[in-house]
Amino acid sequence: MAGRGPPCELVSWERFYRLAQQLARIIHTAWFRPDIIVAIGRGGYMPARILSDCLGVFDLTDIRIEHYRGARRQRAARIRYPLSTDISGRHVLLVDDVSDSGDTFEVAMHHLHEHGEPAELRTAVLHHKRVSSFVPDYYAEEVVDWRWIIYPWAVIEDLGGFLRAMSPPPASLEVFADHLLEQHGIKVPRRTLEDVLAFAAG
């Protein structure tokens, strides 16, 4: 249909936790034993914390890379907050929520190597999109047909962006729900829609 927005997938908290546990099992089965986990913020914060718990890795830190604002891609991935620790000789697991274009991982890998030469550096995501130029070492699911994945920690940001792009603004919650289903292929729970309208409207 002409004029449709990007296809989306809405991930619940429950599904996120299942994916994170699945990812942890894949890493554990592969016999990789990281001694430090580096989350790529902001999307990698939650997956990294669950992996830290499941794998028993208590040394958890982060870097902040900006590339997307909502579903809108910025011009280029860039380091916003750099790594604050030396990773020389360490077994490092670099974690994000999704490998989309691959640019974020390329910037992150280069940045990490500027902070010491690790004994081993591996990468992990919840979702790996086949279109990505970067293939992580570990992923819970492969996305063959591209779609924008809305994680539960970014639902206000992402759906709020769709809300603000509507012209005229939706006259009711039901109109907003129909728009999201027709334009993006997602059925959003009423409580979530109420939260989006409360926090993101205006």
Restricting to helices (runs of 4 or more DSSP H) lying wholly in the stretch 87-186: which have 1 or more residues that are assigned by TED's automatic domain parsing to the domain that holds residue 61, over 27 Å from residue 34 (Cα atoms) and basic (Lys, Arg)?
none
Looking at this structure, is residue 24 in contact with an Asp or Glu (Cβ under 9 Å, 6 or more places away or on another chain) and surrounded by fewer than 16 Cβ atoms within 10 Å (Cβ to Cβ)?
no
Name the residue, out of 159, 126, that is within 17 Å of residue 195 (Cβ to Cβ), surrounded by 16 or more Cβ atoms within 10 Å (Cβ to Cβ) and hydrophobic (A, V, I, L, M, F, W, C).
159
Starting from residues that are more than 14 Å from residue 93 (Cβ to Cβ) and of a type in the set (Asp, Glu), keep the ones in the stretch 8-56 and report whichever is nearest to the chain's Cα centre (by Cα).
9
Enumeration of residues in the stretch 187-202 that are more than 20 Å from residue 15 (Cα to Cα), touching a residue at least 12 places away in the same chain (Cβ under 8 Å) and not in a helix (DSSP H, G or I):
201
Top-ranked residue in the stretch 46-69 [being in contact with an Asp or Glu (Cβ under 9 Å, 6 or more places away or on another chain) and of a type in the set (A, V, I, L, M, F, W, C); ranked as modelled with the lowest pLDDT]
65
Residue 50 passes all but one of (1) touching a strand residue (DSSP E or B) at 6+ places or on another chain (Cβ under 6 Å); (2) buried (at least 17 other Cβ atoms within 10 Å of the Cβ); which number fails?
(1)
Within the stretch 70-91, does at least one residue satisfy the condition of being more than 15 Å from residue 123 (Cβ to Cβ), modelled with pLDDT of 95 or more, surrounded by fewer than 20 Cβ atoms within 10 Å (Cβ to Cβ) and among the aliphatic types (A, V, I, L, M)?
no
The listed residue being modelled with pLDDT under 95 and either part of a loop (DSSP other than H, G, I, E, B) or β-branched (Val, Ile, Thr) (or both), out of 6, 34
6
For residue 98, indicate whether it is touching a strand residue (DSSP E or B) at 6+ places or on another chain (Cβ under 8 Å), surrounded by 19 or more Cβ atoms within 10 Å (Cβ to Cβ), modelled with pLDDT of 95 or more and among the aliphatic types (A, V, I, L, M).
yes
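The values are calculated or read from the model by the stated rules, or taken from the named source; none is laboratory data. Predicted model only: the values in this text are computed from it and were never measured. Note that each Cβ is placed from the backbone with ideal geometry, even for glycine, and that neighbours are counted across all protein chains shown.
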